[in-house]
Amino acid sequence: MAQTQVETDNAPVLEICGLTQHFGGLTAVNDFNVKLMPGELSGLIGPNGAGKTTVFNLVSGFYQPSEGRILIDGIPTAELKPHKVTALGVARTFQNIRLWNDMTVLDNIRVAQHYRLGYGLFHAIARSKHYQEREKEIAQEAAELLEVFDLQRYANDFPKNLPYGTQRKLEIARALSSHPKLLLLDEPAAGLNSADVKELIRLVRWIHGKFDVTIWMIEHHMDVMMELCTQIKVIDFGQTIAEGNPEKVRNDPAVMTAYLGDDVI
Amino acid sequence: MLQRYSVHLILALSGGLLVYLADQEYLSLYTMSVLMFMGVNVILSASLNLVNGYMGEFSCGHAGFMCVGAYVSSLLGVWLFAKDKVFGAALLNPEYALYAFPFVILAGGIAAALAGLLVAVPSYKTRGDYLAIITIAVNYIIISAIENIGAIGGSRGFMGMKRLVNSMEDIIELPWMPIWVFIFTVFSIWLIRRYVSSTFGKGVSAICQDEVAAEIMSVNTNKMKTITFMLSAGLAGIAGGLFAYILGYVNPGSFNIMKSTEVLVMVYLGGMGSLTGSILSAVLFTFMLEGFRFIIPLVNDFAHQVHLIPDSYDISPVWRWVLIPLLLIILMQFRPEGIMGNRELKDIFPRLKKFYRFK
């Protein structure tokens, strides 16, 4: 199904051309290219230190790329600050969960709408009508999102007190609260047990259907990738070594070499 | 109904009572000045809490901004409304002093907020210990700059503000300084409360708890830092302006690192990120400072009577500067989160929520 969408929709949500990132003498990402079409659910894999998270950090504006272009919906983002990139419609989660632990779950969701609050300091202090309307909408939207994620009973809890799997879920909910077109999931299954992983697969598939969002994920659990993704890209030492559908990638000799070493083959 | 207006009512009653007591001279001038300094301290500790508590930065040059506010509002007030040897005759009729006074204080606050940019701009790239060093430097820059402007008294200080206070009292016979201090204290707390409880202002807590996540989740961190530093510095400037008019005299020396430390002590005593804590600790701290003034001579007399210390030596009240920092050490050892932690009054007494609403 995703294949047909790729053919009919011709404007990519994310387009990366010749992306290169140097850290001192180290080339973390080298001439990376990708095109994600709306509605795609695609994966990025590679051994540890391959440069996967660096790619995500570049897309979300956290680093300025040394070379190359990143286009979100056709808009170049290389010069933009991360909050501007998020406003363009890119949201992400982190490999090690980064929730705001001393704010309630509801506030975590609310603050993620920061770029489209529509009011500033003066409205906040004057408590104008506009402020009250917006706060109501923000709170309502946050409550709805929590309900959709079945997290409403935790609304007034602190994230640090939630089970690990729930924290993962909350982080994804928080990312969606900023209305992204492109959702980047950085190892969402890391640290989850097998039951939670199954739940996660269901969750991601459900989000993909419900929220009209393009998902790009990094994951080490191959079963998650095989189940979810239609397209997978494999990188190693910053170079793309293979790409294609899960079946093709699984049997690619270059991928096996990257993961298991030369002598196996 | 009661819930909605109880805070207004309490504030109006306590303000009214205070003014009445001051007006009828039931309270001595000394008591009044202690109460007024308490208000100034509340503004100082609440405004520093905005940066150190809510935003999680470490600013230790708060007195610098206070100094800017004190000087700007003093100079402006005296220049406009009082005859002075620096500025000559009053520019405007002193009859307007009463109405212009809040704007004079606010002007000091605005000037201090602009000085806050000296910290806000470096904070884009620096944080933690390095930013703390910058704040100390800013504190020194400000007081050294003023010390070196001879025209406004340099290190000898600047005076003449009492004349303005007197002309306010000439217009309407009321104890105006306690009234203004009360109004501005309530105003500052109200301002901070509204700021940090809005979703907009919660971006500040997000920066404190995880700056990377805040930036990625669309919080414009540089903008929020600028607003927060400027707001904090601006309120310190207002406190400084009031301080100057209460004393009737300012000199740069009273805004040095000692003063900044005093404010820090109040913030940490009260608890980071707790407005209630800041108010409580400012009140407590002011009482403590004044209390030791009486307790220490009593202890001194007692020690002499039981021959604990030689007759030739007296424990002077200056010893409070040994005792209060000692208290800080004890506090940090046994309750590092301060009196309130990062909780507010309603978190400790949830039942009170039914009776008041403050926003």
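What follows draws every value from the coordinates through simple rules; no lab data is involved. Everything numeric in this text was worked out from a predicted model, so none of it was measured. Note that we place each Cβ from the backbone using ideal geometry, even for glycine, and neighbour counts take in every protein chain shown.
Rank B:I133, B:G241, B:V78 by how far each Cα sits towards the positive end of the charge dipole of region B:11-255 (+1 on Lys, Arg Cβ; -1 on Asp, Glu Cβ) and give me just the farthest. Most positive-ward Cα: B:I133. Scalar couplings 3J(HN,Hα) for region B:228-244, obtained by applying the Karplus form with A = 6.51, B = -1.76, C = 1.60 to θ = phi - 60°, are 5, 4, 5, 5, 4, 5, x, 5, 4, x, 5, 4, x, x, 5, 3, 5 Hz; x denotes Gly and Pro. Under 8 Å for C-alpha pairs, at least 6 residues apart: give me the relative contact order for region A:103-157, rounded to a whole percent. Averaging sequence separation for qualifying contacts and normalising by length gives 53 percent for region A:103-157.
Per residue, the Cα convex hull of region B:67-151 amounts to 83 Å³. Dimensions of the protein assembly as shown from C-alpha coordinates, computed as largest minus smallest value along each principal axis and given longest first, are 93, 61, 57 Å. Taking the Cα centre of chain B as origin and assigning +1 to Lys and Arg Cβ atoms and -1 to Asp and Glu Cβ atoms, the resulting dipole is close to 1060 debye. Calculate the translational D of region B:201-359 in whole µm² s⁻¹ from Stokes-Einstein, where the hydrodynamic radius comes from the Kirkwood formula applied to all Cα pairs, the temperature is 37 °C and the viscosity 0.692 mPa s. Using the Kirkwood radius from Cα pairs, D works out to 172 µm²/s.
You can think of it this way: the chain between A:Q95 and A:A139 has 13.1 nm of extra reach, that is 0.36 nm per residue less the Cα-Cα gap. Projecting label points 7 angstrom from Cα along Cα→Cβ for A:Q132 and B:F187 puts them 2.4 nm apart. Rounded to the nearest whole Hz, the Karplus-based 3J(HN,Hα) values (6.51 cos²θ - 1.76 cosθ + 1.60, θ = phi - 60°) of region A:231-242 follow the sequence 10, 10, 10, 10, 10, 8, 6, x, 9, 6, 10, 6, with x at glycine and proline.
Which FRET efficiency value, to the nearest 0.05, is calculated for A:H220 and A:D73 with the Förster distance at 30 angstrom and r the Cβ-Cβ distance? Computed FRET efficiency for A:H220 and A:D73 comes out at 0.55.
Across chain B, the mean sequence separation of Cα contacts (distance under 8 Å, 6 or more residues apart), normalised by length, yields a relative contact order of 30 percent. For A:L14, what residues show an amide H to amide H distance below 5 Å, using hydrogens built from the backbone and excluding near sequence neighbours? For A:L14, whose amide H was placed from the backbone, the distant partners under 5 Å are A:L36, A:D73.
Among the residues of A:122-131, the average count of other protein chain beta-carbon atoms within 10 Å of the residue beta-carbon is 3.
Which FRET efficiency value, to the nearest 0.05, is calculated for A:T104 and B:F302 with the Förster distance at 45 angstrom and r the Cβ-Cβ distance? Once rounded, the FRET efficiency stands at 0.30.
At what distance in angstrom do the alpha carbon centres of region A:158-236 and region B:288-342 lie from each other? Using only Cα atoms to place each centre, the spacing works out to 58 Å.
Binning the C-alpha pair distances of chain A at 10 Å intervals from 0 yields a P(r) profile of 7, 28, 35, 22, 7, 1, 0 %, listed from the shortest bin outward. Between B:V186, B:S198, B:P122, the Cα set farthest toward the positive side of the dipole of region B:11-255 (charges on each charged residue's Cβ, about the Cα centre) is that of B:P122. In a reduced charge model with +1 at each Lys and Arg Cβ and -1 at each Asp and Glu Cβ, the protein assembly as shown shows a dipole moment near 1400 debye about its Cα centre. Note on B:205-211: average number of Cβ atoms from other chains within 10 Å of each residue's Cβ is 5. Rounded to 0.05, the FRET efficiency of the B:F355 and B:Y20 pair, given R0 = 30 Å and the Cβ-Cβ distance, is 0.75.
In the calculated pair-distance distribution of region B:11-255, the portion above 22 angstrom amounts to 54 percent of the Cα-Cα pairs. Here the protein assembly as shown carries DSSP beta bridges of which approximately 60% are antiparallel, counting only pairs with both residues inside. Annotation for B:S28 and B:A137: the two label points, set 7 Å from Cα along the Cα-Cβ direction, are 4.7 nm apart.
Fully extending the segment from B:R156 to B:Y313 would add 53.3 nm, taking 0.36 nm per residue of separation and subtracting the current Cα-Cα distance.
Residue-wise HN-Hα couplings along region B:334-339, as the Karplus relation 6.51 cos²θ - 1.76 cosθ + 1.60 with θ = phi - 60° gives them from phi, are 9, 8, x, 7, x, 4 Hz; Gly and Pro carry x. Distance distribution note for region B:255-298: the fraction of Cα pairs above 15 angstrom is 49%. Volume per residue of the convex hull around the Cα atoms, evaluated for region B:133-180, comes out as 99 Å³. Enclosing the Cα atoms of region A:115-223 in their convex hull gives a volume equal to 122 cubic angstrom per residue. Projecting the Cα atoms of A:L44, A:L117, A:L58 onto the charge dipole of region A:36-127 (Cβ charges, centred on the Cα centre) puts A:L117 farthest toward the positive pole.
Here the sum of -39500 (n - 2.57) over DSSP H runs of 4 or more residues, divided by the residues of the protein assembly as shown, equals -18000 deg cm²/dmol at 222 nm, to the nearest 500.
Across peptide A:106-113, the mean count of Cβ atoms from other chains lying within 10 Å of each residue's own Cβ comes to 5. Considering every alpha-carbon pair of region A:103-157, the percent of pairs per 5 Å bin, from zero through the bin containing the longest distance, is 4, 21, 27, 22, 15, 8, 3. In this rough spin-label picture, where each label sits 7 Å from Cα along the Cβ direction, the A:C17-B:K125 distance is 3.2 nm. PRE reach from B:E169 (point 7 Å along Cα→Cβ): which of region B:73-87 fall under 11 Å by backbone N? Hits in region B:73-87 for B:E169 at 11 Å: none.
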